[in-house]
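Notes follow once the structure below has been shown.
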Amino acid sequence: MSWLDKIKSKAGLGKKIPVAEEIWIECKGCNGQIYVAELEENFRVCPQCDHHFRLEAKQRVLQLLEPGTFVEHDNNLSATDPLKFKDSKKYKDRLRTASKKGMSSDAVFTGSGVLATHPVELCFFEFKYMGGSMGVVVGEKITRAIERTIKNNTALIIISCSGGARMQEGILSLMQMAKTSAALNKLSKAGLPYISILTDPTTGGVSASFAMLGDIILAEPGALIGFAGPRVIEQTIRQKLPDGFQRAEFLLEHGLIDQVVHRKDLKKTLNQILSLLGNTPVSPPADKTEQK
Amino acid sequence: MVQILEFEREIFALENQIRELVSLSHMYDSVGDITHEIVGLHKKVRRMKHDVYSNLTGWQKTQVARHPDRPYTLDYIKYMFTDFIELHGDRHGGYGPSIVGGLAKFDEQSVLVIGHQKGRETQEKIRRNFGMSQPAGYRKALRLMKLAQKFRIPIINLIDTPGAYPGIDAEEKGQSEAIAKNLFEMIEIDVPIIVTVIGEGGSGGALAVGVGDRILILEHSVYSVISPEGCASILWGDKDKVVQAADALNLTAPDLLRLGIVDEIVREPLGGAHRHHKRVAILLKKALRKNLHLVSHLAPEKLIEKRHEKFRKLGEIGFEITT
């Protein structure tokens, strides 16, 4: 190695270091260059403009739960493709490719853990798995998580990140909206808290079911949240959509969510809410039979 | 003007020929007695209808389900109920004209009937927004269902919508929340709910009034997570691939029965509901009577328990547990 190479490598300019794209990333919010390590440290939020990059599912656990407390459940459920769906590619092949990439949990992870001092059931979506779409496995895992919350008398947190129902499972995926919402009714009657966190994006069948049914609904800044996707709306009404339409702040202004919460404050906020909801000095209402 | 679907063309042509022949035989004695021929031709038409209508593809069924002459909710109300009184508004600033609802008599019993209404003439179509509801429609429906619950009145829901309306105002007013809320509440409305897909069952906008104890579907209706057009353009990148998309989606009545989504298929008169409004209404009324009877004797707690069980199981065939 020549003296020049030595200096280059010390300065991080040598051949052996990874290409620039891997160290620096352009922010979609401010177009500025961010040092990737810094971005990761900041929970993938741009240090300059607070643009929230999509978080990989597993990073949620690191951010929210106490180390070592997360126990994943139901990652042995897999889709059977009862419609034998095939578009340009077979659905079966899409599933196979995804699980080869090590994504065995379908589009949602569910499990138990502890947030600060609160035992919780946590569900969080993996957008990389078919756009976080909800098929039967997602519906079943969420429903089971709700049922576990009731059984364990804890609290439920769902972090949505999904384009909606999974077309490749047809009507079966649509019915997961009803299935999960029905289970949430039972949770509600049990008097246990459900906090729904909407991240970019939360649309379609996911937003029109459990995501909008939280006792408390929080959203990450700038997240796209809506029933119909912006392109569909544009095509339907044939006009351009206003700036900021369907963003988290827009939903807040329209009274549809409780708060927009910066990712760095998420854990603190959840802890605060769970503490406030859990601290109930007033005795529970007498049950219906006693009232009669 | 009667709209004729591509695959109905031959049937209509033959029917016209028969009509001409009959009027000719009435006008000219020289034609002679052609009763025998006419009877034969009628038989042929029936055979053709039977062949065509028992072999419709998913896309053809979608076209029948969307046929502009197909009976809509208000037609069924006219033929199946008496004393209908329409009730309006969601009480939160919304009118909700894409969904109609009201109290009526079904046989001798009071019922609440709710259904999407597409609109027949251009102006009414626009007023009804082609059956694509704003949040107000779903909220009105829920308000009325709670009213029915209070007075212990069974609920009959008719589904016929391309989907929930995708628009700026719909989003501003919480389309997602409105649909979600109905799914959440309907599971525990403790009076019988009988749902029938009478035309197009378009995704969340259909399901928002689609939770019930018995789910029926008319023979040529469809029910799907997305329209064939939407599916084709997203998954095939080609909006003309509707035939393939409709097939892949498994959206026909027999598909839905096989997948455990619907409990019963209600037969339509030969040639489709769009040609026999009154007759299909009679068939549906019979089916509704039977299905109401099936659940009416259940105690409210039992009814809810069974409804929960029914929806808890949906999609069971879609996953397996691997070890």
Exercise. Which lysines does B:K310 reach when only Cα atoms under 16 Å apart count, and residues fewer than 8 places away in its own chain are ignored?
Worked result: A:K179, A:K186, B:K302
Problem set entry | Under 16 Å from the Cα of A:K189 - aspartates and glutamates, other chains or at least 8 residues apart | A:E147, A:D215, A:D287, B:E185, B:E188, B:D190, B:E301, B:E305
For this session: Round to the nearest 10 and give me the degree value, 0 to 90, for the angle of helix B:35-53's Cα axis relative to the longest principal axis of chain B.
Result: 30
Exercise. If you take the alpha carbon radius of gyration of the stretch A:55-291 and divide it by 2.2 N^0.38 Å, what ratio comes out, to two decimals?
Worked result: 1.03
Problem set entry | Mean residue ellipticity (222 nm) of chain A, computed from DSSP H runs ≥ 4 via -39,500 (n - 2.57), nearest 500 | -10500 deg cm²/dmol
Problem set entry | Semi-axis lengths (Å, descending) of the ellipsoid that matches the C-alpha gyration tensor of the protein assembly as shown | 49, 31, 21
For this session: Excluding B:Q117 itself, calculate the net charge of residues whose Cβ lies under 11 Å from the Cβ of B:Q117, where each Lys or Arg counts +1 and each Asp or Glu counts -1.
Result: +1
Problem set entry | Computed over the stretch A:144-201, Cα set: Rg, Dmax in Å | 12.7, 36
Exercise. Taking every pair of alpha-carbon atoms in the stretch A:63-148, what share in percent sits in each 5 Å bin, from 0 to the bin with the longest distance?
Worked result: 3, 14, 23, 22, 17, 11, 5, 3, 2, 0
Problem set entry | Top positive-direction residue, dipole computed over the protein assembly as shown with Cβ charges, set B:V22, B:M80, B:A248 | B:A248
Seminar exercise, completed: For the protein assembly as shown, percent of DSSP beta bridges that are antiparallel (nearest 5) comes out at 45
For this session: Past 27 Å, Cα to Cα, is the threshold; run B:K146/B:K313; B:K118/B:K286; A:K92/B:K181; A:K86/B:K313 against it and keep the listed order.
Result: A:K92/B:K181
Problem set entry | Label zone at B:K105 (point 7 Å along Cα-to-Cβ), backbone N below 16 Å, the stretch B:83-99 | B:83-86
Problem set entry | Other protein chain Cβ atoms within 10 Å, averaged over every residue that makes up A:198-208 | 4
For this session: Give me a single rounded figure for A:127-140: the average over its residues of other chain Cβ atoms within 10 Å of their Cβ.
Result: 2
Exercise. Roughly how many Å is it from the Cα centre of the stretch A:175-251 to that of the stretch A:148-163, as a whole number?
Worked result: 15
Exercise. Could you state the number of Å between the C-alpha centres of the stretch B:265-323 and the stretch B:3-75?
Worked result: 31
Exercise. For labels at A:E38 and A:E147 in the simple 7 Å Cα→Cβ model, what's the distance in nm?
Worked result: 4.9
Exercise. For the Cα atoms of chain B, what angle does the longest principal axis make with the long axis of helix B:135-150, in degrees from 0 to 90, nearest 10?
Worked result: 80
Problem set entry | Diffusion constant of chain B at 20 °C, which comes from Stokes-Einstein with the Kirkwood Cα-pair radius and 1.002 mPa s, µm²/s | 102
Seminar exercise, completed: Taking only Cα atoms of the stretch B:16-73, the Rg to Rh ratio with Kirkwood Rh works out at 1.19
Exercise. Over all Cα pairs of the stretch A:94-214, how is the pair count split among 5 Å bins, expressed in % and running from 0 up to the last occupied bin?
Worked result: 2, 13, 24, 25, 19, 12, 5, 1, 0
For this session: Take each of the peptides A:97-105, B:207-215, A:235-243, A:121-129, average the number of other beta-carbon atoms within 10 Å over its residues, and list them starting from the highest.
Result: B:207-215, A:121-129, A:97-105, A:235-243
For this session: Return the lysines within reach of A:K268: Cα separation strictly under 20 angstrom, same-chain partners fewer than 8 residues apart disregarded; answer none if there are no such residues.
Result: A:K58
Problem set entry | Calculated over the stretch B:5-144: convex hull of Cα atoms, volume per residue (Å³) | 179
For this session: Let me know the mean shielding of B:154-165 by other chains, meaning the per-residue number of their Cβ atoms within 10 Å of its Cβ.
Result: 1
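Coordinate-derived values only; no laboratory data. Values in this document were obtained by computation on a predicted structure and should not be read as measured data. Note that we place each Cβ from the backbone using ideal geometry, even for glycine, and neighbour counts take in every protein chain shown.
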